[in-house]
């Protein structure tokens with residue numbers, strides 16, 4: 001489980017990555033890797049494993065590429081990680 005602060009940071013990072021992304025980025029920046037942006041976005045969430053990690057990584061990747069289409073999926077995936085007993089510091 002993740003704290004709300006961790007989830008907020010992951011969401012903010014995803015928004016930044018989505019803002020910077022555009023379909024032709026691979027032409028303009030041949031070394032660009034979506035996987036690197038996804039890894040950066042999920043890093044604040046700590047040690048996710050298995051299905052949870054895969055689900056969040058997929059949602060983040062889709063939200064970066066098409067935020068209008070996939071933002072609800074991203075919110076749902078991150079909400080599933082929330083620890084109701086955790087308190088923000």
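The values are calculated or read from the model by the stated rules, or taken from the named source; none is laboratory data. Computed from a predicted structure; not experimentally measured. Neighbour counts run over all protein chains shown; Cβ positions are idealised from the backbone, glycine included.
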Might you check whether a residue that is in a helix (DSSP H, G or I) and closer than 18 Å to residue 4 by Cβ occurs anywhere in the range 57-67? yes
Would you check which residues across the range 30-50 are in a loop (DSSP other than H, G, I, E, B) and modelled with pLDDT of 95 or more and list them? 30, 31, 32, 33
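Conditions tested, residue by residue: (1) surrounded by fewer than 13 Cβ atoms within 10 Å (Cβ to Cβ); (2) touching a helix residue (DSSP H, G or I) at 6+ places or on another chain (Cβ under 7 Å).
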site: 26; (1), (2): yes, no
site: 41; (1), (2): no, yes
site: 50; (1), (2): yes, no
site: 62; (1), (2): no, yes
site: 80; (1), (2): no, no
site: 83; (1), (2): yes, no
